[in-house]
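Worksheet: the structure to be examined is printed underneath.
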């Protein structure tokens, strides 16, 4: 099993994470000191969790991965007032299908109004949007709204909801949330399997996580200007997927925040360590 996704929950003062696959329906709540405060459990067996998002006092968990491109639909689970109490809770779920056939999505984004967007992985990453208000009756259709930089593995709306931060293993991008154009970018330090991105609880930094045991998460300032990056920027269309860095950042100062999502494979428990600086 491997930790997949990271989301900051300001109201609870926690970071949420989950295992990518092979785990029961469970989300782990990590405190700002790195301790596992508890779990949120739900009665289902997700196929491939690839993204988490928090909007206000609502947690979304995206069972959206499809590496074999064989799923007829993917599912996003919604939890209101999430708490890491270890209890089994009720949830709402929304099913989605891609208008142009199955895709492997690695990124879950949710607008302040509750609209769900998925970003596919691979060289031809793209942004797909669901209806403004998803329905629990039937399957919601996802339509492509923009191309995205290549090899996107996670993303998050920045505070205020007007910009989106996306990451690959090599770079972070800030996109305008209306046009999906890249307005800022930054090259990232080397991570063997860079995966997740979240906004810090104080809203001032991006947290960058990776897969695997003892995988550290590093903190960087939110990019504010465009810089040369290994991938092309996003462009809209008409139809409105850890190690220590090789150095302390190729650009800017990397803070070894040390928030780790360590998956205990036998026990299926996530252990975190966070050191703020």
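The values are calculated or read from the model by the stated rules, or taken from the named source; none is laboratory data. Small disclaimer: the values here were computed from a predicted structure and weren't measured. Cβ atoms come from the backbone with ideal geometry, glycine included; neighbour counts cover every protein chain shown.
So residue 83 fits all but one of (1) over 21 Å from residue 40 (Cβ atoms); (2) assigned to a loop (DSSP other than H, G, I, E, B); what number is the exception? All conditions are met except number (1). The set of residues in the range 161-178 being under 16 Å from residue 115 (Cβ atoms) and either in contact with a helix residue (DSSP H, G or I) (Cβ under 8 Å, 6 or more places away or on another chain) or in a loop (DSSP other than H, G, I, E, B) (or both) consists of 161, 162, 177, 178.
Results for (1) at pLDDT 95 or above; (2) over 19 Å from the mean Cα position of the chain (by Cα); (3) part of a strand (DSSP E or B), shown as yes or no for each residue.
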site: 22; (1), (2), (3): no, no, no
site: 39; (1), (2), (3): yes, no, yes
site: 53; (1), (2), (3): yes, no, yes
site: 59; (1), (2), (3): yes, no, yes
site: 77; (1), (2), (3): yes, no, yes
site: 90; (1), (2), (3): yes, yes, no
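Check the range 141-149 and report whether any residue there is outside any strand (DSSP E or B) and under 14 Å from the mean Cα position of the chain (by Cα). So far as the range 141-149 goes, no, none of its residues is outside any strand (DSSP E or B) and under 14 Å from the mean Cα position of the chain (by Cα).
The set of residues in the range 66-80 being surrounded by fewer than 23 Cβ atoms within 10 Å (Cβ to Cβ) and in contact with a strand residue (DSSP E or B) (Cβ under 8 Å, 6 or more places away or on another chain) consists of 66, 72, 73, 75, 77, 78, 79, 80.
Only one entry in 125, 113 is modelled with pLDDT of 95 or more, surrounded by fewer than 20 Cβ atoms within 10 Å (Cβ to Cβ) and farther than 26 Å from residue 43 by Cβ, namely 113. Counting only residues that are touching a strand residue (DSSP E or B) at 6+ places or on another chain (Cβ under 8 Å) and under 12 Å from residue 148 (Cβ atoms), the range 114-123 holds 5 of them.
Residue count for the range 171-186 satisfying the condition of being surrounded by fewer than 23 Cβ atoms within 10 Å (Cβ to Cβ) and over 11 Å from residue 149 (Cα atoms): 6.
Filter the range 97-107 down to the residues that are crowded, with 17+ Cβ neighbours inside 10 Å and in a loop (DSSP other than H, G, I, E, B), then identify the one that is farthest from the chain's Cα centre (by Cα). By that ranking, first place goes to 103.
Residue-by-condition table, conditions (1) modelled with pLDDT of 95 or more; (2) outside any loop (DSSP other than H, G, I, E, B); (3) under 16 Å from the mean Cα position of the chain (by Cα):
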position	(1), (2), (3)
65	yes, no, yes
68	yes, no, no
95	yes, yes, no
109	yes, yes, yes
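Applying the criterion of being closer than 15 Å to residue 157 by Cα and not in a loop (DSSP other than H, G, I, E, B) to the residues of the range 186-220, the residue that is farthest from the chain's Cα centre (by Cα) is 205.
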